[in-house]
1. What are the residues in segment 274-302 that are more than 9 Å from the ligand (Cβ to nearest atom), open to solvent by less than 50 Å² (accessible area, probe 1.4 Å) and either at pLDDT 95 or above or of a type in the set (A, V, I, L, M, F, W, C) (or both), if any?
2. Check R135 against each of (1) at positive phi; (2) modelled with pLDDT of 95 or more and name the one condition it does not meet.
3. Evaluate segment 157-165: report whether one residue or more is among the hydrophobic types (A, V, I, L, M, F, W, C), assigned by TED's automatic domain parsing to the domain that holds P236, more than 23 Å from the chain's Cα centre (by Cα) and open to solvent by less than 40 Å² (accessible area, probe 1.4 Å).
4. How do the pairs read when you match residues in segment 6-20 that are within 13 Å of G76 (Cβ to Cβ) and open to solvent by less than 10 Å² (accessible area, probe 1.4 Å) with residues anywhere that are of a type in the set (F, W, Y) and not in a strand (DSSP E or B), using Cβ under 9 Å and keeping only pairs 6 or more apart or on different chains?
5. Of the residues V75, V83, which single one is without any contact (Cβ under 8 Å) to a residue 40 or more places away in the chain, of a type in the set (A, V, I, L, M, F, W, C) and either exposed (fewer than 14 other Cβ atoms within 10 Å of the Cβ) or within 15 Å of the ligand (Cβ to nearest atom) (or both)?
6. With E151, E145, E136, E117 as the choices, which residue is surrounded by fewer than 17 Cβ atoms within 10 Å (Cβ to Cβ) and out of contact with any Lys or Arg (no Cβ under 8 Å at 6 or more places or on another chain)?
7. All but one of (1) within 30 Å of G82 (Cα to Cα); (2) away from the ligand (no atom under 11 Å from the Cβ); (3) out of contact with any Asp or Glu (no Cβ under 6 Å at 6 or more places or on another chain) hold for T32; state the number of the condition that does not hold.
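The values are calculated or read from the model by the stated rules, or taken from the named source; none is laboratory data. Source: prediction; values computed, not measured. Here the Cβ positions follow ideal geometry from the backbone for every residue, glycine too, while neighbour counts run over all protein chains shown. Heavy atoms of the whole protein, side chains included, go into the accessibility calculation; ligands, DNA and RNA do not. Shrake-Rupley method; radii C 1.70, N 1.55, O 1.52, S 1.80 Å.
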Amino acid sequence: MASYKLLLLPGDGIGPEVAGGLKVVLDTLAETGLATFETETDLVGGCAIDAHGVPLADTTLQRAKDADAILLGAVGGPKWAGVAYENRPEAGLLRLRKDLDLFANLRPAICYPALAEASALKRELVEGLDIMIVRELTGGVYFGEPKEITELPGGGKRAVDTQVYTSAEIERIAHVAFDLAGKRSGRVASAEKHNVMKTGVLWKEVVTRVHSEHYAGIELEHVLADNCAMQLVRRPKQFDVLVTDNLFGDVLSDIAAMLTGSLGMLPSASLGAVDDRGLRRALYEPVHGSAPDIAGQDKANPIAMIGSLAMCLRYSFGLGEAADALDGAITDALAGGARTADIASNGADAIGTKAMAQAIAAALKHRAG
Ligand code: NAD
């Protein structure tokens, strides 16, 4: 069986704890013969500032480029609050995303049956929910120029952000969404605001063209982003793959996150172009941050991190069987009653990070026979 090279960047706060949970699962994947990896571990974020004076050392960036995939815990925390803006822990993560040109952010929102009560919505609306939000990550209003605040001659100020997209940027994210839909239910919804924004007009035009030229078998629906927000809360299960720009994706994926119960449950993938080895550049990480309020207490939920590994197996290495087994092991552990404090309903006994990872590893072993 092929052995892939994984770079682990645990980071700060609860990052090293949830990454510890990952190691337990990686060992079990190897033991059961489902997948084997060579792993290297390095620093990113605040811990890298402490060791090297920068949140991402050049040597770490090079290791990231050489790895087949990267798994990152979380960065940041109050200890580095006074660090210069350009050198803050989060700048290490942004540099990784930018230098590896990770333009497609995939965020699944899955509601496990055992956790339907933890959602902000009624059980019947969310039970069995499985949406994949595909957010464009390196373009749009967060990066467009000009981006400035200027003083007005008569007093007051003027702030400008620029929403800008090229057809090439839209094309490549559309391909990611349609390809994913082909492996799921075959449905894509594309969200923009063509009624009031030129970027929305181009977005809709390009997505429509990519669809008609390459993906006749996939169903495409266009939805205005504001209506999409409403539909996500009204009837979320109508969506399967949802593709949208950087700004709308930021907001819509957070809405979808709340449908699933806890931040500790949400994995993500950031994908780039296919490199000369035929592998897509990829960084996998939980959606949550470093959670300084619970760091070092064995309280963090490792499911977002372990779910990120399942995405890695599926999207970087095409190991669908191993990914299904791992996703199934998470479902089994939850169905068996394993709960960290963030997902334990009132009064229920909560277990720690390590015990949750072990429960998932045991369920994985059981599934692998
Ligand atoms: P956070 O996601 O770290 O925490 C928000 C709340 O969710 C906290 O109450 C926390 O205890 C809880 N939580 C988060 N992950 C959890 C888990 N796995 N299990 C159980 N509970 C969990 O967000 P924040 O408090 O706004 O930010 C803390 C730090 O993390 C800041 O420095 C921020 O900049 C950084 N941050 C980093 C990332 C990243 O590394 N990708 C993302 C968001 C925030």
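1. Of everything in segment 274-302, those that are more than 9 Å from the ligand (Cβ to nearest atom), open to solvent by less than 50 Å² (accessible area, probe 1.4 Å) and either at pLDDT 95 or above or of a type in the set (A, V, I, L, M, F, W, C) (or both) turn out to be L279, A282, L283, Y284.
2. Here R135 clears every test but (1).
3. yes
4. D12/W80
5. Working: V75 fails: without any contact (Cβ under 8 Å) to a residue 40 or more places away in the chain.
One residue alone meets the criteria, V83.
6. On the way: E151 fails: out of contact with any Lys or Arg (no Cβ under 8 Å at 6 or more places or on another chain); E136 fails: surrounded by fewer than 17 Cβ atoms within 10 Å (Cβ to Cβ); E117 fails: out of contact with any Lys or Arg (no Cβ under 8 Å at 6 or more places or on another chain).
Answer to the selection: E145.
7. (1)
One line per residue, one yes/no per condition, for (1) assigned to a loop (DSSP other than H, G, I, E, B); (2) free of Cβ contacts under 8 Å to residues at least 24 places away in the same chain; (3) in the same structural domain as L94 (by TED's automatic domain parsing):
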site: Y284; (1), (2), (3): no, no, yes
site: N301; (1), (2), (3): yes, no, yes
site: G307; (1), (2), (3): no, no, yes
site: A323; (1), (2), (3): no, yes, yes
site: D327; (1), (2), (3): no, yes, yes
site: A361; (1), (2), (3): no, no, yes
